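Peer 1: Sending over a structure as structure tokens; questions will come in a sec.
Laboratory data are not the source of any read-out in this text; all were calculated from the coordinates shown. Quick caveat, the model's predicted, so the values are computed rather than measured. Because the Cβ atoms are built from the backbone with ideal geometry, glycine has one as well, and the counts that use them run over all protein chains shown.
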Amino acid sequence: MWHYEKSGCFSVKSAYHLQQNLKTTAAEERSGGSSSRESGNWNWIWRTFAPPKVKIFLWNCCSKAVPVGDRLRQRKLIMEASCPRCGYEFETIYHCLFKCPYSRQVWALSGMAYDKYNSDLEDVEQWFKLVNTKMDLKEFGYFAITCWWLWFSRNKWVWEKTEIRPPLVCSYARDFHFRFYSSNIRPPKTLVRQPILKWSPPPNGLLKINMDAAFSRGGNVIGIGLIARNWIGDCIAWETHTLHLPLSPESAEAIAALKAVVFGVSLGWRSFSIEGDCLSVIQGILNSSPSMGILGPIFEDIRDIAKDLDFFQALHVTREFNFVAHGLAKLASNGFAFTSVLPSVIATIVASEHS
Ligand SMILES: [Zn+2]
């Protein structure tokens, strides 16, 4: 039965009339016509986390452009304006979406605390706004989608006499919301974490000696720091040297490397790597051809000692990975006297680098 013709028979004319009337009403009200409410701020609608058709539906509801019974009766398109489902009340959009027993069943099944947001306003826009302030973005999106499905289901009933049972409306809405939400949600912006630059332990069963050289504040004292750790990060042994020699930074680093190799061998180890932050020194050690330059003899000494070991590696790392050795070298350059217990400031760093 065509709900919007007195005779109850569908006619193209009445359908066209209906459409034109609704357009006119909505346009009048949006442009501040005589029957208009105060011009609304619709931002909350456009911010709703829901597909465009749902937002447009909300907007149409607020603009009174949804063809429910009372609107049509006002436009004299129909005589009968009671709710086509329950027949208890005039069919306002507020009734259709909220007060109708059918809708209440849907809300009850939706899992949303809709009844907390019950209002006696009888005004759909006020109701939407109230709910919007009580829900977060995600939940309000679900709410809006449920409203859209209630309207869809109402139209199915009115135009096709097809009933969609409340649990099904609920499950359509939930599914629709889930798919929309999962395909549109962007992971929250998080601070891009800087990679943690810290020492890495040697492979299982091996030891690693980190080495560094540092100058005293005046520049005339050189400190050398050596620390040997196992694959778990435990400090196995450590050593500092203080040199009162006029050396270049690179020479000081080369001597630190030599002392590191001697340190490993003197402790009886046959497999270990040394690691430092001076690239030219590591390259000098790795270079198999006879080394030229003032540091050549030091590199050759290192290679001579290393060739008798079962396993040896010289590794370059940036300073951030060589923090403990640097700390020890700095202490040594400032006249720190060797103690059997690792200085607490260094022990703290070792603990933080423990794997
Ligand atoms: Zn009803």
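Peer 1: Please state the shape class of segment 207-353: rounded when a/c is under 1.5, otherwise prolate if a/b exceeds b/c and oblate if not, all from the C-alpha gyration tensor.
Peer 2: Cα axes put segment 207-353 in the oblate bin.
Peer 1: Can you list the trypsin sites (Lys or Arg not before Pro) in segment 204-272 that are in a DSSP coil and have 14 or fewer other beta carbons within 10 angstrom?
Peer 2: Taking segment 204-272 and a limit of 14 other Cβ atoms within 10 Å, the loop trypsin sites (Lys or Arg not before Pro) found are 217, 270.
Peer 1: If you filter segment 210-315 for chymotrypsin sites (Phe, Trp or Tyr not before Pro), then keep DSSP loop positions with at most 15 other Cβ within 10 Å, what is left?
Peer 2: 231
Peer 1: What's the center-to-center distance, using Cα atoms, between segment 243-275 and segment 309-355 in Å?
Peer 2: What the calculation gives is 13 Å, centre to centre.
Peer 1: Could you give the length gained on full extension between residue 157 and residue 44, defined as 0.36 nm per residue of separation minus the Cα-Cα distance, in nm?
Peer 2: So the extension gain works out to 37.7 nm.
Peer 1: Between residue 311 and residue 181, what is the label-to-label distance in nm when each label sits 7 Å out along the Cα-to-Cβ direction?
Peer 2: 5.1 nm
Peer 1: What translational D, rounded to a whole number of µm²/s, comes out for segment 121-163 from Stokes-Einstein when the hydrodynamic radius is the Kirkwood one over Cα pairs, at 4 °C and 1.567 mPa s? Walk me through the numbers on the way to the answer.
Peer 2: Numbers: Rh = 11.5 Å.
Roughly 113 µm²/s, to the nearest whole number.
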